[in-house]
Amino acid sequence: MDELQLLSTITQPTDLHRLSEKELLQVAQELRQAILTRVSQTGGHFSSNLGTVELTVALYAAYSIPPDKVVWDTGHQAYPHKMLTGRLNQFDTLRKYQGLSGFLRREEHELDVFGAGHAGTAISAALGFAAARDQLQTNEKVVAVTGDAAICSGMSWEALNHAGEMGTDLSVVLNDNRMSIAPNVGALTNYFTRLRARPFTQKVARRAKDVVERLPSPAAKVAKGLRHGLTHYFAPNETGTVFEELGFEYIGPVDGHDLLTMLEIFRNVREIPGPTFVHAITVKGKGYEVAEEDSRKWHGVAPFDLESCEMPTSSSQPTYTQAFGEAAIECASEDDKVVAITAAMPDGTGLTRFSQVHPDRYFDVGIAEQHAVTFAAGLAAAGLKPFCAIYSTFLQRGFDQVLHDVAIQKLPVRFFMDRAGLVGDDGPTHHGAFDISYLSFIPNLVLLAPRDATELREMTRWMKNYDDGPTAMRYPRGATDARLPEQRSPIELGKAEILCSGDDLTLLAVGSMVSPAWEATLQLLESGVSVSLLNARFLKPFDFDSILSHFRRTRRLLIVEENVRAGGFGQQVLDALVRSGEPTTGVEILALPDQFVEHGAQPLIRRDCGLDAAGIGTAAARLLQMQRSTQS
């Protein structure tokens, strides 16, 4: 058991106020050790949280929380926050079923003042808290902590612009570790890099430090927290920033791991009226050498051996993500018009190798999903074949662009939506539970869902050659299932795949649900039930003729999808049956519930939603029994 003598006594941020500077340094050391030991056992976001230890301790020791409020951007950097707010002893449940969330959640703790799993929200939310404070005439301080990738999102700049115009008291802390999940991109990131690297800036910083250290006490103590900020005042032409132009008092760059300096800076910043911007330089993976050397690899981890630095080997089955990455390379090798786009997620979307094989046809636009979609639209309008790979949950952010910039103009952008359905440990902010609903009603758009990696590759090639409008394919996180039958029919627009035909019950399954539906079918067949199983393949347009033919034969139809029921595939099929004049008493839809599904291992939360083989079998038995009762 690791020794956390001081950290174990901290149950709220104000407990830090009673500690000496030496003790605060010890808390930071213990906090880093706690992240190392706990996250190596549970898995989670690793290197990013190691980088915010000193920053968090200094911030919470300087501010009075509560009533002061700190709004964190996503949860990738907020494990120290959780440990300093009384949740240290619960950390063995992190991201586990019914345990602590990997992100901040208002329902979990009163000091999780604003929850978020999508980057770029902190400054907007914090400005809302500050404006509410002004309206209510209270006097708490409000701080937003954002990252160097999140601040590049359009929403962050909209908030900065508004905050500067309002002029209210608000502090923004930029945790600049020079890297998000993948290397940051864009002119703004390059600007930060140039700013850090300017020899004159570094020279002035050293000169300022020498001046401060020669000051007599107590002047030295007062100036200590400003010494890094002095580079700004000594060389305004060299280090003047866009943040000043937006109305912020800029302080930095400062060493985010120099806890005592950060403590003095935050104490001073707390007293500065108006908008302030603290630019802190940190090291992602700080304190764990392999994570410092490869913070991208160690951004998010499964449980691993802390001493050997070895991660567990992955499944021998290919993942959907890997299958897409390979198919994208194949398509680009066959057709020089194919280009690939990601929004800061090359690893997560499987495009890392594409970026190496076809670097001149690869675009990482950063955390800017709206721009990614319209950028892809422009590429398509110019005659290229853009493969736009964005997680299902993140494509929600570009919904208007999909509808307005792509679909209305009938541009052949190919969308590849990884993490569709229940993703597991990341929870409700990352579940891809709504994409069928928010895409299916858009005219001109074709929507597909593969049953396995082989079908994904075939669909990708089909999409490459489809130029009549936009296409989108949804597929889940994780490895594909090898138990499905290998016989296959060609991919044809709007055509389902019939895996077996029977007379008692028709199962109609979507994408990830084909595998558990197949398992349930085998069990039903063993019990004497004659089953038809259809792999929908196309969700828009869907194969109504095949569905109607089997439904008329069996008079029992169970539709299974890993999407919310409202606006989902099942409701579209049901609506089509009603419009055709068919009685629908024998139709049941098995889908995600009308609620935000909590985090947990995929098998567990799918079981809870009735979307495993057992749940499908139970729903099928219920439908069969209901029909028998009706007929009798």
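Of the numbered criteria (1) of a type outside the set (A, V, I, L, M); (2) farther than 30 Å from Asp481 by Cβ; (3) out of contact with any Cys (no Cβ under 8 Å at 6 or more places or on another chain), the one Gly366 fails is (3). For the range 503-522, check the following and say yes or no: at least one residue is within 20 Å of Ile442 (Cα to Cα) and among the hydrophobic types (A, V, I, L, M, F, W, C). Yes; the residues of the range 503-522 include at least one that is within 20 Å of Ile442 (Cα to Cα) and among the hydrophobic types (A, V, I, L, M, F, W, C). Report whether or not Thr93 is polar (S, T, N, Q), in contact with a Gly (Cβ under 7 Å, 6 or more places away or on another chain) and either assigned by TED's automatic domain parsing to the domain that holds Val173 or buried (at least 19 other Cβ atoms within 10 Å of the Cβ) (or both). In short, yes.
When only residues in the range 611-620 that are among the hydrophobic types (A, V, I, L, M, F, W, C) and not in a loop (DSSP other than H, G, I, E, B) count, which is surrounded by the fewest Cβ atoms within 10 Å (Cβ to Cβ)?
So the first thing to find is which residues in the range 611-620 are among the hydrophobic types (A, V, I, L, M, F, W, C), and the list is 611, 613-614, 616, 619-620.
Applying the additional criterion that residues be not in a loop (DSSP other than H, G, I, E, B) yields 613-614, 616, 619-620.
Details: Ala613: 18, Ala614: 14, Ile616: 25, Ala619: 20, Ala620: 25.
The residue in question is Ala614.
Residues in the range 530-546 that are surrounded by 19 or more Cβ atoms within 10 Å (Cβ to Cβ) and farther than 22 Å from Leu456 by Cα: Val531, Ser532. In the range 574-610, of all residues being aliphatic (A, V, I, L, M), touching a residue at least 40 places away in the same chain (Cβ under 8 Å) and not in a strand (DSSP E or B), the one that is surrounded by the fewest Cβ atoms within 10 Å (Cβ to Cβ) corresponds to Ala601.
The single residue among Leu522, Leu484, Leu557 that is within 30 Å of Tyr466 (Cα to Cα) and outside the structural domain of Ala449 (by TED's automatic domain parsing) turns out to be Leu484.
With respect to the conditions (1) part of a helix (DSSP H, G or I); (2) in contact with a Phe, Trp or Tyr (Cβ under 7 Å, 6 or more places away or on another chain); (3) buried (at least 22 other Cβ atoms within 10 Å of the Cβ), Pro450 falls short on a single one, namely (1). Each residue in the range 33-64 was checked for being farther than 20 Å from Asp258 by Cα and crowded, with 24+ Cβ neighbours inside 10 Å, and 4 pass. Within the range 471-496, which residues are touching an Asp or Glu at 6+ places or on another chain (Cβ under 8 Å) and part of a strand (DSSP E or B)? Correct list: Ala472, Arg474. All conditions but one from (1) modelled with pLDDT under 95; (2) in contact with a Phe, Trp or Tyr (Cβ under 6 Å, 6 or more places away or on another chain) apply to Ala472; the one that does not is (1).
In the range 95-116 there is no residue that is out of contact with any Pro (no Cβ under 8 Å at 6 or more places or on another chain) and in a helix (DSSP H, G or I). Being of a type in the set (Lys, Arg) and without any contact (Cβ under 8 Å) to a residue 12 or more places away in the chain is a property that Lys337 lacks. Condition test on Ala344, is it over 22 Å from Ala62 (Cα atoms) and in contact with an Asp or Glu (Cβ under 8 Å, 6 or more places away or on another chain)? So Ala344 fits the description; yes. Considering the range 101-115 alone, what residues qualify as being surrounded by 22 or more Cβ atoms within 10 Å (Cβ to Cβ) and within 22 Å of Val301 (Cβ to Cβ)? Of everything in the range 101-115, those that are surrounded by 22 or more Cβ atoms within 10 Å (Cβ to Cβ) and within 22 Å of Val301 (Cβ to Cβ) turn out to be Ser101, Gly102, Phe103, Leu104. Of all residues assigned to the range 5-27, none qualifies as being under 21 Å from the mean Cα position of the chain (by Cα), among the polar types (S, T, N, Q) and assigned by TED's automatic domain parsing to the domain that holds Lys286.
The values are calculated or read from the model by the stated rules, or taken from the named source; none is laboratory data. The model shown is predicted, which means the values in this text are computed figures rather than measured ones. Every residue, glycine among them, receives a Cβ derived from its backbone with ideal geometry; neighbour counts consider all protein chains shown.
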